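Have a look at the structure below, then the notes.
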Amino acid sequence: MRLRFTLKTAFRGLRANKSRSALTILGIVIGITAIILVMSVGEGAEQLILDQIRGLGSRTIIVEPGRQPKGPSDFVEIFTDSLKPRDVAAILQPANVQGVARVSPAVAVAATIVYGTETKRITMRGTDPFISEIMNLAVAEGSFFTDEDVRRRASVVVIGTKVGEELFGADAAVGQKVKIKGKTFRVVGVLKEKGAGLIDIDQMAFVPYTTAQEYLLGINHFHAIMVQAQTEALVPRVARDIELTLRESHNITDPDKDDFHVTTQADAMASIGIVSTILTVLLTSVAAISLVVGGIGIMNIMLVAVTERTREIGLRKAVGATGGDIMQQFLLESILLTGTGGVVGIALGAMFSGIASLVLRYAMGLQWGYALPLSAVMLGVGVSTLVGVVFGLYPASQAARKNPIEALRYE
Amino acid sequence: MALIEVNALTKVYSSDELQTPVLHGVSFTIAAGEFVAIMGPSGSGKSTLLHILGFLDRQTAGTYRFDGREIGEHTDRELARVRNEQMGFVFQSFNLLPRTSVMDNVRLPLLYSSVPPAEWDERARIAIDAVGLSHRAGFDVAKLSGGERQRVAIARALVNKPRVIFADEPTGNLDSQSGKAVMEILQKLNEHDNHTVVLITHETYTAEHAGRIIRVRDGLIESDQAVAKRLHASSDFVK
C-alpha cells in the first residue's frame, strides 16, 4: 500500500512531463534494443551454423591437411599435399584404427560448367557416393554415381537443383552432356532442393574423386578425408587413433609439427560456440556504451526534477518523511524511467530481430530460425533496472540531504 | 506539565565568515490546550522560533523540551517521527502537492506514519469533514480557491491527530473572508477538540483570535500576555 502510493506519485511525476520523460529514456531504449537485436541475431546465426555442422552427422570425423589452427590469425596450410591414398588405406586397417565404418576421401574443384551456350561457375566436390549419406543428399532425378564409377574414373556428374535450372531450364537434365574444364561429363543425377545454408548445396556439383584428381586437378592427394565411426561413443577413440596412425606414417614425433588435423563434430561446434560468444560479447559491449550515455541523461533529468521539487521535498520532510523515504521515492522514479525504457527496448529489439529473421529467411533464402533468448530479455530487464539504480543514486541522495526549512523557503 | 518548554533559547546562523544571531535567549512555556500567537515584525526571529519549535531546525544554545524531552536527545529519524505523529504544520503558501487530489494531499502524512493503510481513507475523510470540504474530496487542488486550499492544508495537519498545530502566517495569502474561515477552524479545533495551536502572525487583528500573545522583537521577547478581549471568527462563539 505504501509502495503503491510512492509508485503513484512517481507515475504522476513522469506523466506530468511526458515528452521530457520520453526523450530521457530514448538512450536506454536504443541501448536495450541494440542488445536484444545483437543477442537475438547472434543466436540465430549460431543456430544456423550449428545446424549445418550437425547435418554432417555426429559420427563423422574430418581429416584435413595442415596443422590445427591455434587461433583466428593462424592460417592453416590447406594447400599441403600431405593426405595421400596410402593414408586412406592406413585408416582402413583395423590394426591401426578400430571402429571405422566408412572412409570417404574428397577433393574440391573450382570450375565452370558449360552446356551449349550456358555457362555457370560452381563449386565442385570430388567424392565417393558415400557423401550423399554424410551430407544427407537426396536425388530428385536419376541417381548418384556409384562406387563402380569411382573405380572406373567415370566422367559422370551429379548437380544441384539451381545448377540444373540454369543450364537446362525446364528440359530434363539427366543424360545431357556438359563440359567441365574441357572434358565432357554425363549428368547422371539432379539433387533435391536443400535451401541455402553455410554451403549452398543447390549450387554445387559432385563427381567421382578419382575422376576429379586425374582429369580436372592432376593431383594424387586429397583435400579432406571423411571418416565415419561405427558408433557415436567411438568417435573420440577413432579420432585419436587416426592422429596416431597418420603421425606414424608421416614420421612425425612432435605433435606440434603435424601436417594434418582431425576435427570431430563436437570440436567444430565448440569452436563455433566460442567465436559466436566472443562476437556477441563484443557487440553487446558496444551497445552498452549507449546505456551509459542514456544513464547520464537520466541522472541529469533526475537532478533537474530534484531541484524543481525542492518545496515538495521540504513539505514531505515537515510531515514526517525521513531522508530514507525521500531517497526511496526518487530512486523508484529513476528505476521506473529506465525500466520503462528497458521494456520498450526489449519490445523493439524483438520486433527488429523478427523483421531481420524474415528478411534473412525469405529474401536471402537462408534456413534462419527466429530466436529471442530468455537470457537477452533478462539481461535487458536487469541492465535497465541497474542503470536506474546507479544513475538515480546521486540525484536521490541529493534529494534526501535537503534541509526541510531551506526546501520549504525555496522559490 | 507544559507541552512546550523553552529556556534561554538562542539561534545563530553561521556561514563561512558571517555570524548572524537571530534569537538572543528566549524563554516561555506553552501548556497543552493553549492557543498562543507569536507576533512580531518581519526579521524579529518569529519564523526561526517556529522552525525550532516544529523540529525543523535545532537551536544554537539553550533548551527546548517538547512533551518533557529535550530536542537534542532525538535522532533525525525520531524527530521525523515526532513531526509526523505529534505536530501538524500549516504554511502561508499552503504547500500542497500539485496535480493531486484533496484526498491524496490529506493522506500524505499517513504515508510516513505507523497507521495501518486500511484506516487511511477513513482518517482522511474525518479530517476533510472537520474543515468542511467533504464535497471537494475528489477534486484536484488546482481547482480550489485559496481559502479552500488552506483548509486542505489544515486537514492535512490534522490527519494524524497531532498534539500541536503550528500555523505560520496561515491567513497571509488570503482575502479577509477566507482568512476569517481559516481562523474559525483553528479556534474550533482549539476549543472543541482541545488541540494546542501555535500561530505566527504579524497582524494584531489575527493574533487577537488567540488566548495569549507572545511579542517578539529583535530576537527577544518583548511581552507575553493573555488576550483581554479575545476575537471570535464565528459569531456563534461570542461569549
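The values are calculated or read from the model by the stated rules, or taken from the named source; none is laboratory data. In this text the structure is predicted, and so the values were computed from the model without any measurement. With ideal geometry, Cβ positions are generated from the backbone for all residues, glycine too; neighbour counts draw on all protein chains shown. The protein model used for the area step is the full one, side chains on, heavy atoms only, and it has no ligands, DNA or RNA in it. Shrake-Rupley method; radii C 1.70, N 1.55, O 1.52, S 1.80 Å.
Taking B:F94 and the conditions (1) in contact with a strand residue (DSSP E or B) (Cβ under 9 Å, 6 or more places away or on another chain); (2) outside any helix (DSSP H, G or I); (3) open to solvent by less than 50 Å² (accessible area, probe 1.4 Å), which numbered condition does it fall short on, given that it satisfies the others?
Every listed condition holds for B:F94 apart from (1).
What are the residues in region B:126-157 that are hydrophobic (A, V, I, L, M, F, W, C) and in contact (Cβ under 8 Å) with a residue 40 or more places away in the chain, if any? Before you say what the answer is, go through the steps one by one.
Restricting attention to region B:126-157, the residues satisfying the condition of being hydrophobic (A, V, I, L, M, F, W, C) are B:126-128, B:130-131, B:133, B:137, B:139, B:141-142, B:144, B:152-155, B:157.
Passing the criteria: B:A130, B:V131, B:V141, B:A142, B:L144, B:V152, B:A153, B:I154, B:A155, B:A157.
Here's the yes/no breakdown for (1) touching a residue at least 40 places away in the same chain (Cβ under 8 Å); (2) open to solvent by 20 Å² or more (accessible area, probe 1.4 Å):
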{"residue": "A:V319", "(1), (2)": "no, no"}
{"residue": "A:G323", "(1), (2)": "yes, yes"}
{"residue": "A:F330", "(1), (2)": "yes, no"}
{"residue": "A:E333", "(1), (2)": "yes, no"}
{"residue": "A:G342", "(1), (2)": "yes, no"}
{"residue": "A:M351", "(1), (2)": "no, yes"}
{"residue": "A:S357", "(1), (2)": "yes, no"}
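Would you check which residues across region A:9-33 are open to solvent by less than 80 Å² (accessible area, probe 1.4 Å) and within 14 Å of chain B (Cβ to nearest Cβ) and list them? Break it down into steps so the answer makes sense when it comes.
Of region A:9-33, the ones open to solvent by less than 80 Å² (accessible area, probe 1.4 Å) are A:9-10, A:12-14, A:16-17, A:20-22, A:24-25, A:27-29, A:31-33.
Correct list: A:T9, A:A10, A:R12, A:G13, A:L14, A:A16, A:N17.
Mind checking which residues of region A:319-352 are assigned to a loop (DSSP other than H, G, I, E, B) and either aliphatic (A, V, I, L, M) or more than 14 Å from every other protein chain (Cβ to nearest Cβ) (or both)?
Scanning region A:319-352 gives A:V319, A:A321.
Which of the numbered conditions does A:H261 fail, given that it passes all the others? Conditions: (1) within 30 Å of A:S58 (Cα to Cα); (2) in contact with a Leu (Cβ under 7 Å, 6 or more places away or on another chain); (3) open to solvent by less than 40 Å² (accessible area, probe 1.4 Å).
Unmet for A:H261, out of (1) within 30 Å of A:S58 (Cα to Cα); (2) in contact with a Leu (Cβ under 7 Å, 6 or more places away or on another chain); (3) open to solvent by less than 40 Å² (accessible area, probe 1.4 Å): (2).
If you go through region B:30-45, how many residues are within 14 Å of chain A (Cβ to nearest Cβ) and either touching a helix residue (DSSP H, G or I) at 6+ places or on another chain (Cβ under 8 Å) or surrounded by 16 or more Cβ atoms within 10 Å (Cβ to Cβ) (or both)?
Let us first name the residues in region B:30-45 that are within 14 Å of chain A (Cβ to nearest Cβ), namely B:42, B:45.
Those still in the list that are either touching a helix residue (DSSP H, G or I) at 6+ places or on another chain (Cβ under 8 Å) or surrounded by 16 or more Cβ atoms within 10 Å (Cβ to Cβ) (or both) too: B:45.
Qualifying residue count, region B:30-45: 1.
State yes or no: is B:I126 away from chain A (no Cβ under 14 Å) and over 22 Å from B:E169 (Cα atoms)?
Working: away from chain A (no Cβ under 14 Å): yes; over 22 Å from B:E169 (Cα atoms): yes.
Taking the combined requirement at face value, the residue satisfies it.
Give me the residue from region B:65-86 that is assigned to a loop (DSSP other than H, G, I, E, B) and free of Cβ contacts under 8 Å to residues at least 24 places away in the same chain and, out of that set, nearest to B:A8 (Cα to Cα). Before you say what the answer is, go through the steps one by one.
Restricting attention to region B:65-86, the residues satisfying the condition of being assigned to a loop (DSSP other than H, G, I, E, B) are B:67-68, B:74-75.
Of the ones still in play, those that are also free of Cβ contacts under 8 Å to residues at least 24 places away in the same chain are B:74-75.
Details: B:H74: 20, B:T75: 22 Å.
If we take residues in region B:65-86 being assigned to a loop (DSSP other than H, G, I, E, B) and free of Cβ contacts under 8 Å to residues at least 24 places away in the same chain, then B:H74 is nearest to B:A8 (Cα to Cα).
So B:T75 ticks every box in (1) within 11 Å of chain A (Cβ to nearest Cβ); (2) more than 20 Å from B:A157 (Cα to Cα); (3) crowded, with 19+ Cβ neighbours inside 10 Å but one. Which box is left unticked?
It is condition (3) that B:T75 fails.
If you take the residues in region A:297-317 that are among the charged types (D, E, K, R) and in a helix (DSSP H, G or I), which one is surrounded by the fewest Cβ atoms within 10 Å (Cβ to Cβ)? Step through it out loud before you land on a result.
Taking region A:297-317 first, the residues among the charged types (D, E, K, R) are A:308-309, A:311-312, A:316-317.
Checking which are in a helix (DSSP H, G or I) leaves us with A:308, A:311-312, A:316-317.
Numbers: A:E308: 12, A:R311: 19, A:E312: 23, A:R316: 27, A:K317: 26.
Taking the candidates together, the pick is A:E308.
Condition check: surrounded by fewer than 20 Cβ atoms within 10 Å (Cβ to Cβ) and not in a loop (DSSP other than H, G, I, E, B). Does A:E193 satisfy that?
Numbers: surrounded by fewer than 20 Cβ atoms within 10 Å (Cβ to Cβ): yes; not in a loop (DSSP other than H, G, I, E, B): no.
Judged against the criteria, A:E193 is not a match.
Among the candidates B:F66, B:F55, single out the residue that is farther than 21 Å from B:M183 by Cα, open to solvent by less than 20 Å² (accessible area, probe 1.4 Å), modelled with pLDDT of 90 or more and within 13 Å of chain A (Cβ to nearest Cβ). Spell out how you get there, then give the answer.
Details: B:F66 fails: within 13 Å of chain A (Cβ to nearest Cβ).
Among B:F66, B:F55, only B:F55 is farther than 21 Å from B:M183 by Cα, open to solvent by less than 20 Å² (accessible area, probe 1.4 Å), modelled with pLDDT of 90 or more and within 13 Å of chain A (Cβ to nearest Cβ).
Among (1) surrounded by 13 or more Cβ atoms within 10 Å (Cβ to Cβ); (2) touching a residue at least 12 places away in the same chain (Cβ under 8 Å); (3) within 14 Å of another protein chain (Cβ to nearest Cβ), which single condition is A:L279 missing?
That leaves (3) as the condition not met.
Report, by residue number, each residue of region B:200-226 that is out of contact with any Phe, Trp or Tyr (no Cβ under 9 Å at 6 or more places or on another chain), aliphatic (A, V, I, L, M) and in contact (Cβ under 8 Å) with a residue 40 or more places away in the chain.
Quick first cut of region B:200-226, residues out of contact with any Phe, Trp or Tyr (no Cβ under 9 Å at 6 or more places or on another chain) only: B:201-208, B:213, B:215-220, B:222-223, B:225-226.
Cutting the leftovers down to aliphatic (A, V, I, L, M) gives us B:207, B:213, B:216, B:220, B:226.
Residues satisfying the conditions are B:A207, B:I213, B:V216, B:L220.
How many residues are in contact with a helix residue (DSSP H, G or I) (Cβ under 9 Å, 6 or more places away or on another chain), open to solvent by less than 20 Å² (accessible area, probe 1.4 Å) and farther than 19 Å from A:G55 by Cβ when one looks only at region A:211-226?
2
Find the residue count for region B:158-189, including only residues that are touching a residue at least 40 places away in the same chain (Cβ under 8 Å), more than 11 Å from B:I38 (Cβ to Cβ), under 15 Å from the mean Cα position of the chain (by Cα) and open to solvent by 10 Å² or more (accessible area, probe 1.4 Å).
The total comes to 7.
Need pairs with beta-carbon distance below 7 Å; first residue more than 9 Å from chain A (Cβ to nearest Cβ) and within region B:87-100, second surrounded by fewer than 18 Cβ atoms within 10 Å (Cβ to Cβ) and not hydroxyl-bearing (S, T, Y); sequence gap 6+ or separate chains.
B:Q92/B:G172; B:Q92/B:N173
Looking only at region A:120-163, which residues are within 30 Å of the chain's Cα centre (by Cα) and of a type in the set (G, A, S)?
A:G126, A:S132, A:A138, A:G160
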